[in-house]
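All remarks here apply to the structure that follows.
Nothing in this text is a laboratory measurement; each read-out follows from the coordinates by a stated rule. A quick note: this is a predicted structure, and the numbers were derived from the prediction, not measured. With ideal geometry, Cβ positions are generated from the backbone for all residues, glycine too; neighbour counts draw on all protein chains shown.
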Amino acid sequence: MKYQPERVSPQDMLKRSHDFLEKMKTRRSVRQFSSDDVPMDAVINCIAAAGTAPSGAHKQPWSFCLVTDPEIRKRIRVAAEAEEYKNYNGRMSQEWMKDLEPFDTNEIKPFIEDAPGLIVVFKHSYGTGQSGKSQNYYVNESVGIAVGILLTALHEIGLVALTHTPSPMKFLAEILERPENERAYLNIPFGFPSDNCEVPNLNRKDINDIMIKYS
Ligand code: IYR
């Protein structure tokens, strides 16, 4: 099938890339959410955008659980906090705990209930169909790219999010009753920031520290 996307002029490319970069620089991971409702149809469009990601052999090995039910979110919070309690009280190394100090994190995870919703992302370790198990390829890479698009889309519509990594995450598949081939990948609370929301004062690496040119 023929494919001819718009050809952008070099000047427009520079302008668009600059504008996009400036916009992306304002994205931050947020841990304090307002409970204000968000337009869920807009969030669903962001999930659909994530579903446009490239994937190994186009297997699209992902599911996005959009969880707004307060009872389910409460169960997720209780289970996440039980695991995190063990992480913060012995499972994480001293170096890890020290690295997390600027983020002021601990085992208490109010954002799971405060945010108006969660997108719990699952990767499909293998496919399931009428003919039984099938292979998926580059599953972590594929789902990682999809999540990148999801976070970009949420930022684009003015929402904030957190890539929450409760560990281990098995409880998410149990609570959300996912099939055996699905493994929890990330929990993404989203919404608006609370009025008193704060984020750490972080620096991003300079372009010359992340890019190595071979010309
Ligand atoms: N999963 C824990 C710990 C944690 C780990 C990293 I790496 C972070 O960037 C942030 C937190 C938690 O969610 O608190």
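Could you work out the helix-only [θ] at 222 nm for the chain, with each DSSP H run of four or more residues adding -39,500 (n - 2.57) and the total divided by the number of residues, to the nearest 500 deg cm²/dmol?
Values: 8 runs with 83 residues, N = 215.
Mean residue ellipticity at 222 nm (helix-derived): -11500 deg cm²/dmol.
Only counting other Cβ atoms within 10 Å, I'd like MET24, MET169 sorted with the fewest neighbours first.
Details: MET24 13, MET169 19.
By the 10 Å Cβ count, ascending: MET24, MET169.
Applying the Karplus relation 6.51 cos²θ - 1.76 cosθ + 1.60 with θ = phi - 60° to the range 112-117 yields 3J(HN,Hα) values of 5, 9, 6, 5, x, x Hz, where x marks Gly and Pro. Beyond 19 Å between alpha-carbons counts as too far, so tell me which of LYS2/LYS123; LYS25/LYS123; LYS86/LYS109; LYS86/LYS123; LYS74/LYS109; LYS23/LYS109 fall in that bin. Over 19 Å apart, Cα to Cα: LYS2/LYS123; LYS25/LYS123; LYS86/LYS123; LYS23/LYS109. Fewest-first ordering of LYS59, LYS86 by other beta carbons within 10 Å of each residue's beta carbon gives LYS86, LYS59. Placing unit charges on the Cβ atoms of the charged side chains and taking the dipole of the range 128-215 about its Cα centre, the candidate lying farthest along the positive direction among LEU159, ILE212, ASN201 is ILE212.
R0 = 35 Å: FRET efficiency of ALA57 with GLN4, Cβ-based, nearest 0.05? Write out the running numbers ahead of the final one.
Numbers: r = 25 Å, r/R0 = 0.70.
It comes to 0.90.
Taking a point 7 Å from the Cα of MET97 along the Cα-to-Cβ direction, none of the residues of the range 191-205 has its backbone N closer than 18 Å to it. Between the range 1-46 and the range 107-139, how many Å separate their Cα centres? Between the Cα centres of the range 1-46 and the range 107-139 lies a distance of 23 Å. Taking 12 Å as the cut-off, no amide N atom of the range 42-65 comes nearer than this to a point 7 Å along the Cα-to-beta-carbon line of LYS133.
Listed by chain and number, the lysines placed with their C-alpha closer than 20 angstrom to that of LYS213 are LYS205; residues fewer than eight positions away on the same chain are left out. Where in the chain is the longest stretch that carries no chymotrypsin sites (Phe, Trp or Tyr not before Pro) classed as loop by DSSP and with at most 11 other Cβ atoms within 10 Å? In short, 4-213.
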